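Peer 1: This is the structure, below, for whatever I ask next.
The values are calculated or read from the model by the stated rules, or taken from the named source; none is laboratory data. Remember, it's a predicted structure, so these values are computed and weren't measured experimentally. Ideal geometry is used to build each Cβ from the backbone, glycine not excepted, and the neighbour counts take in all protein chains shown. Please note that ligands, DNA and RNA were not included when accessible areas were found on the heavy atoms of the full protein model with its side chains. Shrake-Rupley method; radii C 1.70, N 1.55, O 1.52, S 1.80 Å.
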Amino acid sequence: MAEKRFGSSINTLRKILAFAAVVEFGTGLVLLFDPAIVVALLLGADVSGVGTLLGRCFGIALLALGLACWPGRRGAESGASVFRGMLTYNALIALYLTYLGTVGHMGGLLLWP
């Protein structure tokens with residue numbers, strides 16, 4: 001009986017984790033394409049200028065978090081999903097910051113290092 005309850009609770013946790021991952025991924029996508037919508041719905045404020053750029057960085061982070069939190073198959077290593085999330089974050093943020101530095105002609109002291 002205890003094994004059945006344990007398996008049921010694991011299944012419930014996997015469903016909750018999958019739901020959270022989908023919400024994080026979806027929020028990240030919306031932030032990536034239009035941060036003003038999320039800021040308006042969340043804070044009831046307008047966003048402009050650098051706030052939009054930072055909102056997109058936050059969107060990239062939420063995309064990666066959604067990928068990292070997606071529950072893997074039973075018996076699969078959890079390290080694979082963590083690696084997938086970190087690889088996604090590092091690749092997308094590097095591309096975005098490179099775009100901002102080259103096309104957007106922006107740059108602070110720490111942009112290129």
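Peer 1: Name the most mobile residue of Leu43, Leu63, Leu92, meaning the one with the largest mean-square fluctuation, in a Gaussian network model of the chain with Cα contacts below 10 Å.
Peer 2: So, out of Leu43, Leu63, Leu92, the one fluctuating most is Leu43.
Peer 1: State in Å² the accessible area per residue of the range 34-113; use a 1.4 Å probe, count heavy atoms of protein chains only, and round to the nearest integer.
Peer 2: Per residue, the range 34-113 has an accessible area of 69 Å².
Peer 1: Under the classification rounded if a/c is under 1.5, otherwise prolate if a/b is larger than b/c and oblate if not, where does the chain fall, given a ≥ b ≥ c as square roots of the Cα gyration tensor eigenvalues?
Peer 2: Because a/c hits 1.5 or more and a/b fails to exceed b/c, the chain counts as oblate.
Peer 1: Okay, next question. Would you look at the GNM of the chain, springs on alpha carbons closer than 10 Å, and say which of Val30, Val22, Val103 moves the most?
Peer 2: Val103
Peer 1: Hey, rough spin-label estimate for Tyr99 and Leu111, points 7 angstrom out along Cα→Cβ, what's it come to in nanometres?
Peer 2: Label-label distance for Tyr99 and Leu111, simple model: 1.5 nm.
Peer 1: If you don't mind, another one. Compute the acute angle (0 to 90°) between the alpha-carbon long axis of helix 2-33 and the principal axis of greatest extent of the alpha-carbon atoms of the chain; round to the nearest 10°.
Peer 2: 10
Peer 1: To the nearest 500 deg cm²/dmol, what mean residue ellipticity at 222 nm is calculated for the chain from DSSP H runs of n ≥ 4 alone, each contributing -39,500 (n - 2.57), summed and divided by the residues?
Peer 2: -26500 deg cm²/dmol
Peer 1: To the nearest 10 degrees, how steeply does helix 50-69 sit against the main Cα axis of the chain, on a 0 to 90 scale?
Peer 2: Its long axis makes an angle of about 20 degrees.
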